[in-house]
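Here's the structure, in structure tokens; my notes come after.
Nothing in this text is a laboratory measurement; each read-out follows from the coordinates by a stated rule. Because the structure is predicted, anything quoted here is derived from the model rather than measured. All Cβ positions, even for glycine, are placed from backbone atoms using ideal geometry, and neighbour counts span all protein chains on display.
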Amino acid sequence: MLVEMKSIRKVFGEVVALNDVDFSIEKGGMHGLLGENGAGKTTLMNILYGYYQMDRGEIKFEGRPVKVLSPQDAIRLGIGMVHQLSTLVPEFTAVENIILGTEGRRLSFSIGGERAGILKLCEEIGLSFPLQVKARELPAGIKQKIEIIRALYRGAKLIILDEPTTFLVESEFDQLLKSVKRLIDQGITVIFITHKIREVLKACDTVTVLRKGKVEGKIDRPEMDRERLVKMMFIEKDIKITESALPRVQLPDCPRSESPVLSVQNLSVEAGEKGVGVNNVSFDLYGGEILGVASVSGNGVKELVGALIHPSRVKEGDIRVKGESIRGLSTLEVFARGVFFTPEERVQEGILIEGTIKENILLGHHGEKRFLRHNLFINWEEAGKAARKTIDEYGVHTPGEDFLIKRLSGGNIQKVIIGRAFVGQICLLVTHNPTVGLDVSSVEFIFRKLVEIRSHGDAVLWVNEDLDELMMLSDRIAVIHRGELKGIFQRDQFDKYQIGLAMIGA
Amino acid sequence: MALTPEAGSSARSWGARTLSRALPGLKVYGIALSLSFGVIAVISAVLGYSVPEVLRTLVFSSFRSFAGLKSTIKISIPLLFTTYAFFIPAKMRFYNCGAWGQMLFGGAMTAVVALLLADWNLPSVVLIPLLVITAILAGGAFALIAGYLKADYDINPIVSTIMLNYVAIQCVGFFCTARGFLDPTGGYPQTKLLPSSAALGFVGGIPYSFLLAALTVLVVSVLINRTRLGYEINAIGYNPVAAQSYGIDFRRTLMLTFFFGGALAGLGGGLEVMNIHNRLLVGFADISGLELGALGILATLVVGENPMAVPVSCFLMSVLLVGADRLQRTMQVPVELVFLLQAMIVLLIVITRAKLSAKR
């Protein structure tokens, strides 16, 4: 056994995060750690990596009992961890990031020498990335590779990947898998934390399933099947799962409105800080329709969504909502016309992190008459009512509307963000990656909500990086590459391969 | 999920809930104050002073005589204004370190207008409101420079406000010694007395500016907690990116906030000039050699989030300042000892608060 963790217990406040968890893996191969959000996967691995101290239990590494009091201890043992969010210094290049912390007490060293070593390592593993570009300019997939090399450079024999696919597109995931396979061939052991069953089925040699801080079981590759994993993950929940392990939600027949709700005409937008702008994009979106937008991150979709919400960013062309141009309007004026949105980055862009649920529900509606008195004062009673309504209708798990939003789980935060859109009357919801990082039951909830809007005769513009999700619930899928519209696929023409090709501009 | 126990139990009585909510806060102040006073006791003992005497003088000077209480209130009033001048922009996570300069500039402009209009012999009912408005506009405009530099050139307000303090102090020096303004008999850089109709006066030894200070507490609390602008200020403080994505005008809110903060500091300066000194003089915004802007930052750090707690914190700060003054005069204890105490109290409150909230 390479790692043996026995009777691990960890309590945060009054919440038992891990309850007598046993976890062990053999040397070599890829080992999955599967569970819903909040099942305790990351907590368990953070204990192994020395971020948290366990309350009880013991850890053996390579057969010897060890005490891991800090990540430094873990690194010394040969354990590396790649976190869900990049921990690279944005202003440093790949080389600088990789050697950071290995310089020890030396006063000077040659970066050139280190670089040669890193290049050799990259070649052995078959990873390549630009060494001289600052980390902040690199896409998520590349940053992950740098983090893996960084762990290897410190002599890791075991690498923990914490939900590495959250910010990756399918093709990037395949690339990552290829590199990981090379690592395994070199004798490195990999632990793969995920909540996606299909990824486990695709990649793992063994899988340990956690549920609510307890181990539900460990299965080897030959005995893995979807039904069994679903059962282990959600025993009491009745969720139907598709081939690609998505919750199954039907798209009922629904009449399309006569005239478009949203009409984008020859729209061009300047590029933001990174990526490209939008170049001469035109499309119509009708009521009773979900228009999926498929695109690789950094190809102008963020700018497109930005222009819909902040029309002052439009460089050329026009955006019409129900026939009327919104050029030159402020965000609140756009909202007043029945458009609302949920942003890509749930926490960074979507919520007032230090605020209460009530304050968050009010955001974007704070200019509406019913939440104001004499146009000057906030009507907090009304805001509280709206917040309580959202909490009840969406089943947000919280003691009340004055609770701090940052104490909610990701799924509950997303419910608040979606719920906020329905505080007023909407005719168009623009939503960007609404399901990223959510567990199956939360994803199912959001799917149902999108279908509900459509059944109501309203429109959804659904920007999403997960093609399987888009293909399940979109009426049409628009593909954008380098800021240009590469085509719109009708539902009966959906083909993962064709759409994928369009996404990479081929 | 970590739920705090007190938030979940709506069944308990209002009193019990309020108490359990206030308890962690009281614990912070309890720990910080006892530690700080402990250290002061040790230092005074080492320096050879009588410890009970030092502590008694420090804490009770303000309450032993009416004169003590009066001077405490007199210090609290300008401090209250500079505290809010820092407190309000701090709500949106911008730090106005220029309350001192805004107070100086507001005071200077008040004096300048009063002296220029001296020959008109305006009655108090006209002159006093005019001077109050002058002070408000001058302080607000002075802070607006920093707001504008941030909004359009992304210059950190900490830097710009500190630099502007030096501009303001030069302005005060200039106007104090300007021809026609300087009081040649004073032997100190100060202007002639303002016309007597500009004086606000006292009631029972308490300056009338007290009323404006009380009104300010009310206005700021309503602004922060009840108005749309207050919500927008808080929202930007909570998360500027999300606030802007959902339609809050960052530039407008930033400018308004700086104007509002600066206006309060300016008003405080104008009131000092009109009510306490009846003239402009160098150093009118200092107490025992400490500038009121910095003290306002300390007073804000002590209260944390609640605008209604600002007067309490300013009053307690002033109690210590009065005590310090008395210590120096009656026991020859160096006044620095009290500055040390103040700094320690603030640091310890901030540290204990962080520690306690990290545990939760």
> Using all Cα-Cα distances in the protein assembly as shown, what percent lands in each 20 angstrom bin from 0 up to the longest?
Replying inline: 13, 36, 34, 15, 2, 0
> Counting DSSP beta bridges with both partners in region A:3-233, what percentage is antiparallel, nearest 5?
Replying inline: 55 percent
> Which loop-located trypsin sites (Lys or Arg not before Pro) does region A:293-352 contain, where loop means any DSSP state but H, G, I, E or B and the Cβ has at most 13 other Cβ atoms within 10 Å?
Replying inline: A:Arg327
> Using only the Cα atoms of region B:297-360, what do you get for the radius of gyration and for Dmax, in Å?
Replying inline: 13.8, 45
> So what does the Cα-only Debye profile of region A:106-159 read at q = 0.18, 0.26, 0.27 Å⁻¹, as log10 I(q)/I(0), no solvent term?
Replying inline: -0.65, -1.17, -1.21
>> Defining a contact as two alpha carbons under 8 Å apart and six or more residues distant in sequence, what relative contact order in percent does chain B show?
In response: 32 percent
> Most exposed first by the Cβ proxy, i.e. fewest other Cβ within 10 Å, how do B:Ser71, A:Ser312 rank?
Replying inline: A:Ser312, B:Ser71
>> Modelling each spin label as a point 7 Å along the Cα-to-Cβ direction, I'd like the A:Phe12/A:Gln250 distance in nm, to one decimal.
In response: 3.9 nm
> Rule-of-thumb check for region A:3-233: C-alpha Rg over 2.2 N^0.38 Å?
Replying inline: 1.02
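How high is the FRET efficiency from A:Ser171 to A:Asp225, r the C-beta distance, R0 22 Å, rounded to 0.05? Numbers along the way, then the final one.
On the way: r = 26 Å, r/R0 = 1.17.
Once rounded, the FRET efficiency stands at 0.30.
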>> For Cα pairs less than 8 Å apart in space and 6+ apart in sequence, what is the mean separation divided by the residue count of region B:177-314, i.e. the relative contact order in percent?
In response: 28 percent
> Dividing the alpha-carbon radius of gyration of chain A by 2.2 N^0.38 Å (N being the number of residues), what value is obtained?
Replying inline: 1.03
> With labels modelled as points extended 7 Å from the Cα through the Cβ direction, what inter-label distance (nm, one decimal) is found for A:Asp55 paired with B:Leu116?
Replying inline: 7.0 nm
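Calculate, for A:Asn266 and B:Asp249, the FRET efficiency according to 1/(1 + (r/R0)^6) with r their C-beta to C-beta distance and R0 35 Å; round to the nearest 0.05. The partial results should precede the final answer.
Working: r = 28 Å, r/R0 = 0.81.
E(calc), rounded to 0.05, equals 0.80.
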> Using all Cα-Cα distances in region A:1-101, what percent lands in each 5 angstrom bin from 0 up to the longest?
Replying inline: 3, 11, 20, 23, 18, 13, 8, 4, 1
>> Let me make sure I get this right: for region B:72-112, a, b and c are the square roots of the gyration tensor eigenvalues over alpha carbons, sorted descending. Under 1.5 in a/c it's rounded, otherwise prolate if a/b > b/c, else oblate. Which is it?
In response: oblate
> Is region A:436-497 rounded, prolate or oblate when judged by the Cα gyration tensor, a ≥ b ≥ c being the square roots of its eigenvalues, rounded requiring a/c under 1.5 and prolate requiring a/b larger than b/c?
Replying inline: prolate
>> As a quick test, which of the pairs A:Lys10/A:Lys415; A:Lys145/A:Lys178; A:Lys145/A:Lys231; A:Lys143/A:Lys178 have an alpha carbon distance above 22 angstrom in this structure?
In response: A:Lys10/A:Lys415; A:Lys145/A:Lys231
>> Restricting to bridges with both residues inside the protein assembly as shown, how much of the DSSP beta-bridge set is antiparallel, in percent to the nearest 5?
In response: 60 percent
> With respect to the cross-link table entries A:Lys385/A:Lys406; A:Lys6/A:Lys218; A:Lys27/A:Lys202; A:Lys41/A:Lys302; A:Lys120/A:Lys196; A:Lys120/A:Lys157, which display a Cα-Cα separation exceeding 24 Å?
Replying inline: A:Lys41/A:Lys302; A:Lys120/A:Lys196
> Given that compact globular proteins tend to follow 2.2 N^0.38 Å, what is the ratio of the alpha-carbon Rg of chain B to that value?
Replying inline: 1.05
> When only alpha-carbon atoms count, how far does region A:139-295 stretch along each of its three principal axes, as whole angstroms with the largest first?
Replying inline: 58, 42, 25
